[in-house]
1. For chain A, find the longest principal axis of its Cα atoms and tell me its angle to the long axis of helix A:33-51, 0 to 90°, nearest 10.
2. Sort the range B:144-194 into rounded, prolate or oblate with this rule: let a ≥ b ≥ c be the square roots of the eigenvalues of the Cα gyration tensor; rounded if a/c is under 1.5, and if a/c is not under 1.5, prolate when a/b is larger than b/c, oblate otherwise.
3. Check cross-link reach from B:LYS154 to the lysines: straight Cα distance under 22 Å, and skip same-chain residues fewer than eight apart.
4. Near B:LYS285, which lysines are there with a Cα under 16 Å away, not counting those fewer than 8 places off in the same chain?
5. Under the classification rounded if a/c is under 1.5, otherwise prolate if a/b is larger than b/c and oblate if not, where does the range B:167-206 fall, given a ≥ b ≥ c as square roots of the Cα gyration tensor eigenvalues?
6. Using only DSSP helix segments of four residues or longer, with each worth -39500 (n - 2.57), what per-residue ellipticity at 222 nm results for chain A after dividing by its residue count and rounding to 500?
7. Show the residues, 5+ positions off or on another chain, whose built amide H is closer than 5 Å to the amide H of B:PHE334.
8. Could you tell me whether the range B:262-315 comes out rounded, prolate or oblate from its Cα gyration tensor? Rule is a ≥ b ≥ c as square roots of the eigenvalues, rounded for a/c under 1.5, then prolate if a/b exceeds b/c, otherwise oblate.
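Any read-out appearing in this document is the output of simple, stated calculations on the displayed coordinates, not a laboratory observation. On a predicted model such as this, the values are computed, not experimentally measured, just so you know. When we count neighbours, we look across all protein chains shown, and the Cβ atoms used for this are built from the backbone with ideal geometry, even at glycine.
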Amino acid sequence: MFSNSMADPRRQNKILRYKPPSTDTNPTLEDPTPDYMNLLGMIFSMCGLMLKLKWCAWIAVYCSFISFANSRSSEDTKQMMSSFMLSISAVVMSYLQNPQPMSPPW
Amino acid sequence: QMLLLPFMLLLLASPMTWGRYDDFDDGEDLAEFDDNDFAEFEDLSEDAGMEPEATASPRVAAAPASDQDDDDDEAVVEIEDAQDDFEDTETPDEDIKYDTEEFEGFEKSSPSFKDPINIITVPSHLQNSWESYYMEILMVTGLLAYIMNYIIGKNKNHRLAQAWFSSHRELLESNFALVGDDGTSKEAVSTGKLNQENEHIYNLWCSGRVCCEGMLIQLKFLKRQDLLNVLARMMRPVCDQVQIKVTLNDEDMDTFVFAVGSRKAMARLQKEMQDLSEFCSDKPKSGAKYSLPEFMAILSEMGEVTDGMMDSKMVHYLINHADKIESIHFSDQFSGPKLMQEEGQPLKLPETKKTLLFTFNVPGMGNTSPKDMDALLPLMNMVIYSIDKVKKFRLNREVSGVSSTHAIVLIGCRVFGASLYVSLGASQKADKNRARVEENFLKQTHAQRQEEAAQRREQKKLEKKQMKMKQIKVKAM
């Protein structure tokens, strides 16, 4: 008796397609972490390359990893790969120019 | 014959002595050669040679007296030999001589054997061992730890999402014709799976039901894949959240704004949300009247709305699952959070949509396991119930006790000598509120809109002029 008392609430004709929410209307909802980390990574790797600071290059590698971990799936992988490659090259160049180990800052 | 024996012995012994002397002679000869080679240095070398001799002599226990009568070289040889007996670090005579010649200045300045030997540590950058690279090893280990955490966190979030979906799937499929859509496929067919936006955000779109347009469910997990976030969460624990947004058609909902949830969430929403700040100006009220827990509060446009919303079933849900409910927000004027405009006010009212918003906290405070997802199922039932309820709920259109037309007449004539208290129906109040908000908005933007209108008029004039000029040119030609 109760099986038909609850009418099926589904309506095939009322289907609406999914529209991804546009980011223009809600800029505050987007997480800025991957973009900041990307920028920071690039800055550190440039510092590491130009000033030949090993620790800068290592921090750049970390930044690019963090940026990758936080990235959205819709983001360009090319951007991610380019910052990653840049940081790796900064580390490699620092060691080629100066193979001695990094001295701790303390 | 008696004399013969000793003489014979002497004769026998002498070759040996001669041998010795021969040795010495050899030594002498060598020394002489050496002297010839280094004749010019002889004096210096002998003087230098005297030093080690002098220092070594106290150490030498016994030096054969007879040897000291011999040449200096020989004596030196003896002493050297003695030194060899007592010390291991001696070189033969010639070497000492060379050493002393080579390191003339050095010997004078170098500390004597009495001073302790200082071992100078070689600076680390000149060492060539793995140990000196400990900072690099630390860095690489840190990176490996980060990668490990990324993989583990990603997998955990994925498992949690799948657990949530498998426990809610049946309920959703019995209520919605379309469960799961990413918007890209040509035909509206249920994908039957979650959209993965991120390593920590999954969403699901359901549509095709009476009383609503569609429902977007967002599973906002913690960033378990980011090690920094994991460490930050150790300081400040945060929950996984499930956010549900039901969008409604115009006929599905009457005009009201209502919110209930934890006190902190209500205070925050009242500040942030456009509609709550405009229509619910009173501070969040306690729900004690409905026996809600103390930490929950209600924001409402009118008392009638609260009474209408808080029916027994809703109260039952709220009390039983109070710890999991962060906020519930029903609004016909929903337009998202307040936008911060840089230049003055926005020119037109933000677009509004009739919406029901639910934010639930996943139990476990971060340490969730897939089993905890089942605890959210009753909350989904509440959501479905709310959708149906909101459709049925209608604000009171009648003036309480008196119909609207009569009320005006009665106010005019004070027949009973007492002031007549007329309360407008809830529906009229709501309409009044909306009209008021719009009016306020229009007032604020009045000046700006005037400017815009003037600009447009000027532009039109310019265009007209240009048209005229063109026509004149054409005629001239």
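1. Here the helix axis deviates by roughly 10 degrees.
2. oblate
3. A:LYS78, B:LYS193, B:LYS220, B:LYS223, B:LYS371
4. Those lysines meeting the cut-off are B:LYS264, B:LYS271.
5. oblate
6. Using -39500 (n - 2.57) per qualifying helix, the result is -18500 deg cm²/dmol.
7. Residues meeting the amide H criterion: B:LYS353, B:THR355.
8. The shape class here is oblate.
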